[in-house]
1. Beyond 12 Å, what percent of the Cα pairs of segment 72-127 remain?
2. If you split all Cα-Cα distances of segment 396-464 into 5 Å bins from zero, what percentages do you get per bin, shortest first?
3. Rounded, prolate or oblate: pick one for segment 184-343, where a ≥ b ≥ c are the square roots of the eigenvalues of its C-alpha gyration tensor, a/c under 1.5 means rounded, and failing that, prolate if a/b is larger than b/c, else oblate.
4. What shape does segment 305-356 have by the C-alpha gyration tensor, where a ≥ b ≥ c are the square roots of the eigenvalues, rounded means a/c under 1.5, and otherwise prolate means a/b greater than b/c and oblate the rest?
5. Against the longest principal axis of the chain, how steep is helix 299-312, in degrees 0 to 90 to the nearest 10, with axes from Cα atoms?
6. Provide the convex hull volume over Cα atoms per residue for segment 324-453, in Å³.
7. In whole angstrom, note down how far apart the Cα centers of segment 233-249 and segment 392-407 are.
8. Tell me, which cysteines of the chain are without a disulfide-compatible partner by the Cβ under 4.7 Å rule?
Amino acid sequence: MKVRTRFAPSPTGMLHIGGARTALFSWLYARHHGGEFVLRIEDTDRERSTEEATQVILDGLSWLGLDWDEPPVFQHARQAEHILAVEQLLEEGHAYRCYCTREELDAMRDEQRARGEKPKYDGRCRHRSDRPADMPYVVRFRSPDIGQTVVRDKVLGDVVFDNAELDDLILLRSDGTPTYNLAVVADDAAMGITHVVRGSDHLNNTPRQIQLYEALGLPVPSFAHIPLIHGPDGAKMSKRHGAVAVTEYRDKGYLADALVNYLARLGWSHGDEEVFSREQLIELFDLAQVGKTAARFDQQKLDWLNAVYLRQAAPASLQEDVRRFLGVPTDGGPELSQVIAVLQERSKSLVELADGARFFYQAPTHYDEKAVRKHFRDTTWPLLASFIERLEAMGASFSGEAAHAAIREICEAAGVGMGKLAQPVRILLSGGPVSPPIDQTLALLGREEALQRIRRGIERLHTA
Ligand code: GLU
């Protein structure tokens, strides 16, 4: 049997971290078993579903590299099939029309509460044989009254539900639209889904869905319910714990590979290891090692992983991402991959890397005031003048090391530490007190550009 898994988001908002992790586990399970991963857009809520949200979800999945094997199925388009399934259930006596009015249902629940019972539909329309033509009705599933339904969950183990606890579920609303549980069962069956991997917030739906599969004479898929993600305080992950939308992580400069690695470890483990390539994840992932309890979101670990991935990446592979954040053209400046190579060690995110790279392509328009106050003295100007002379004299023999040696020699001759010249040079080149090592910075900028920036800086600051 070929494994077929799916991700079935409702396009009513963003792709959040929890959804992305569910998609990842579903995808990994399919890929690990050489199976297929498909998407179903659950757009039956016509008021809240939007094309824009669908696009955001698809973009998020693409960014994370979670590819799907077939064009997505749109649930709304399958409504006729859902209704056919309801008709089959009606015909075979597994479902019935319920004409109870809201008032009637409210009164029934009030009585149940008054008797100290848990309110649930009591099945009073089960045996109704008349079909009043002018009365609205819903179609309910005739669920078994006795016995148990066992969810053989691949993560949680066997979860037993007493059938008496499950009342007769509505399958078709009075406006003729199918409900979630019916649509999901009809669709998962039609799409040939063998393993339903989803959030544990759906666990309570599963016994009902199993009953529906059985009533429809369809094979019951395997289920795996993944525990939710909690914030560091143990409450369900929400905005107040930080970013929840996947796109926010992209915009903050996280690498997709780092986020995928992080999300995989959020609930799944393989010994004490933390860093897994995509290939390793596919090779090692299985549902058996997914924890049963909620995972805690740990921002520091994600940041750490992001830095690890930034450090390990081939500089050229980061170019496109860095360009996205740079915001200035790179033509005429140093080779971007070389700039990346000197910055990737010291950057925690693509945003930080791009911020550090920008001055290579855009001469500073102002200088960090605090840094200027700290590093510029009357004694600075003659040092800078000597450095300019040395740079001018260098011509073709210019290199990062040669420029660095010049700084050292000038400072030695003046009897001051190297920082007395290196810091002012750095500020004039980059606008601030932080940049890669001065020799590398000078080498990347080149002699002409460095000279120009130092001269312009002296003009601006010496007279001020
Ligand atoms: N559309 C449902 C949701 O967004 C998922 C349904 C399922 O996975 O069975 O939560």
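1. 74 percent
2. 3, 18, 27, 27, 19, 6, 0
3. It comes out prolate by the Cα gyration axes.
4. On the way: a/c = 1.96, a/b = 1.57, b/c = 1.25.
Taking the square roots of the gyration eigenvalues as a ≥ b ≥ c, segment 305-356 is prolate.
5. For helix 299-312, the angle is close to 60 degrees.
6. Per-residue hull volume (Cα only) is 110 Å³.
7. 50 Å
8. When partners are defined as cysteine Cβ atoms under 4.7 Å apart, the chain leaves 100, 411 without one.
The values are calculated or read from the model by the stated rules, or taken from the named source; none is laboratory data. Predicted model only: the values in this text are computed from it and were never measured. Cβ: placed from backbone, ideal geometry, glycine included. Neighbour counts: every protein chain shown. Surface accessibility is based on the protein's heavy atoms, side chains included, excluding ligands, DNA and RNA. Shrake-Rupley method; radii C 1.70, N 1.55, O 1.52, S 1.80 Å.
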